[in-house]
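Since the structure comes first, as structure tokens, the remarks are kept for the end.
The values are calculated or read from the model by the stated rules, or taken from the named source; none is laboratory data. Because the structure is predicted, anything quoted here is derived from the model rather than measured. Using ideal geometry, Cβ is built from the backbone for each residue, glycine included, and neighbour counts are taken over all protein chains shown.
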Amino acid sequence: MRFRGILAAMLVTGAFGVAVVAAQTAPTASNALTLSVLSRLTDTQIFDDGGAEIVAFHAPSGNVYYTNSNGVTVEIYNISDPAAPVFVGRVPLSQFGGGVTSVAVSANVIAAAVPANDTQANGTVVFFTPEGEVLSRVTVGALPDMVTFTPDGMKVLTANEGEPNDDYTVDPEGSVSIIDLSGGVENLTDANVTTVSFTAFNDTELDPSVRVFGPNATAAQDFEPEYIAVSPDGATAYVTLQENNAIAVIDIASGTVTEIRGLGFKDHSLEGNGLDPSEDDGGINIANWPVFGIYQPDAIAAFEVGGNVYYITANEGDTRDYDGYSEEADVEDLVLDPTVFPNAEELQADEALGGLGAVTSSGDIDGDGDFEAIYIPGGRSFSIYAADGTLVFESGDALEQITAAAYPDDFNSTHTESGSFDARSTAKGPEPEGVTVGVVDGVPYAFILLERIGGVVVFDVSDPAAPVFVTYVNNRDFSGDPEAGTAGDLGPEGVAFVSAEDSPTGMPLLLVANEISGTVTIFGITGGM
């Protein structure tokens, strides 16, 4: 990793003969941006119940829109003065379904994704004016979890997750719906919707790292689209299939899936790929261990550098845990193959890997009931891929190193409790959740949200193969009471970048929706080249 500056660290020999990195100071960058809080939207401030999840900005009106899943509404604020937002109103959506999962904007219309009350049934996309007047609605696939416009504003895409019910007796197919707006939003009907299926892959040999593992599920049932990035030319959609550890590539014009790309696995035994796997090891111990991370990205964003298209993923990780089926287990609960793991007893100690969350759906390679490999959800990282799927960069253990240096007393905290040092080391660490890319003074920057400890990590991605760490900002008060609303921003979920050209002040902005605190924070961005 090409850091500008020095990550002051001390290599020592840890337990079980692994190298442990004790971070001391954060890396810095000579072209550092500064993110400063201009204001916070706190009217919902619903603790740990979806008060603010996804945020979008409409430049012509100067309005911010964010989803309030708890109230089944989209909240509207005007930020013509970002330091003094004005509440405009809210769009009630409960007549269309049981929640609201996503919101997106184009020049003249706003779109919101609304799952059905029965989340295994088909959902809805609702279109409304910038002022909040509902214009039309159409039916899309089961559990629309994300909605986005193509760059020209003529199509809308939804990632329809198609999750099973809790008994795992009903498992709808995952899909992507493409809504054609060329005939006018007011005239939309279901005839304008093409829902792209994955049934063509039911009998297709897939990359071995693509996980199809739900009980009695076909590939189409098992694939669960999570997030969509549209290429800058509007021709291609890159769709994260999170639970499946894959990216689907869709040709938007024809409405067809052209490829399912397996993402492979992260070898945490390799130098630079360390992790802290235990809350019982007495401190910050980022080390190499014999486990494989399943990348399982959540958010994805497309961007262009030098005429070439790339996409960046936030490798959060996710497991299936239902009454009818669960793949979750701790490493201490696995029967490890004694030939592969002769030191199993040591590895499964609490201060080692014992409490680390793993999956039972992968790792029993020969099917004999014990595990020849340990797989854990998430990569604790972000990745950058070329348009053809070539991995050009993976951040290794940088996110844990950065947060350890910045908050040594609150490293790997959870997002619902203060005083929770190291609590998330056993479960996906800082948990990168959201990502977007924005251009400041001609330089593209990636903004990565960390769901658990909180905050935004910024990298200069002008060389996608060698990103440069720029800054980390976290608007959280670790001494506050999360339930009382005094702990600041908790659980960043959705992010939107506002360019200087679109900003009402000429200053680039970053909007962050925080799911646990139910707040939206408006950052001003200064500095750069």
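A few points about this structure:
- Checking residue 327 against (1) under 26 Å from residue 411 (Cβ atoms); (2) surrounded by 16 or more Cβ atoms within 10 Å (Cβ to Cβ); (3) not polar (S, T, N, Q), the condition it does not meet: (1)
- Matching residues, the range 286-321, being polar (S, T, N, Q) and either over 18 Å from residue 436 (Cα atoms) or in a loop (DSSP other than H, G, I, E, B) (or both): 288, 296, 319
- Search result, residues across the range 429-452 that are more than 14 Å from the chain's Cα centre (by Cα) and among the aliphatic types (A, V, I, L, M): 439, 440, 443
- Those residues of the range 413-428 which are within 25 Å of residue 46 (Cβ to Cβ) and under 19 Å from the mean Cα position of the chain (by Cα), in sequence order: 413, 414, 415, 416, 424, 427, 428
- When the residues of the range 189-215 are filtered to those that are touching a residue at least 24 places away in the same chain (Cβ under 8 Å) and among the small types (Gly, Ala, Ser), the one that is surrounded by the fewest Cβ atoms within 10 Å (Cβ to Cβ) is 200.
- Of the candidates 166, 152, the single residue that is farther than 22 Å from residue 63 by Cα, in a loop (DSSP other than H, G, I, E, B) and in contact (Cβ under 8 Å) with a residue 24 or more places away in the chain is 166.
- Restricting the range 322-340 to residues that are under 24 Å from the mean Cα position of the chain (by Cα) and assigned to a strand (DSSP E or B) leaves a set whose member that is nearest to residue 289 (Cα to Cα) is 330.
- Answer residue from the range 341-354, given it is part of a loop (DSSP other than H, G, I, E, B) and either among the aliphatic types (A, V, I, L, M) or under 24 Å from the mean Cα position of the chain (by Cα) (or both) and is nearest to residue 222 (Cα to Cα) among those: 353
- In the range 386-412, the residues that are assigned to a loop (DSSP other than H, G, I, E, B) and either aliphatic (A, V, I, L, M) or under 28 Å from residue 45 (Cα atoms) (or both): 387, 407, 408, 409, 410, 411, 412
- Residue within the range 113-129 that is at pLDDT 95 or above, farther than 24 Å from residue 195 by Cα and part of a loop (DSSP other than H, G, I, E, B) present: yes
- Scanning the range 375-392 for residues that are surrounded by fewer than 24 Cβ atoms within 10 Å (Cβ to Cβ), closer than 18 Å to residue 275 by Cα and not polar (S, T, N, Q) yields one hit, 375.
- Within the range 78-102, the residues that satisfy the criterion of being without any contact (Cβ under 8 Å) to a residue 40 or more places away in the chain and crowded, with 23+ Cβ neighbours inside 10 Å are 93, 97, 100.
- When each of 473, 468, 512, 443 is tested for being among the aliphatic types (A, V, I, L, M) and buried (at least 24 other Cβ atoms within 10 Å of the Cβ), the lone residue that passes is 512.
- Taking the numbered list (1) among the hydroxyl-bearing types (Ser, Thr, Tyr); (2) closer than 30 Å to residue 265 by Cα; (3) within 26 Å of the chain's Cα centre (by Cα) in turn, residue 194 passes all entries but (2).
- Residue count for the range 173-193, restricted to those that are of a type in the set (D, E, K, R), within 18 Å of residue 252 (Cα to Cα) and assigned to a helix (DSSP H, G or I): 1
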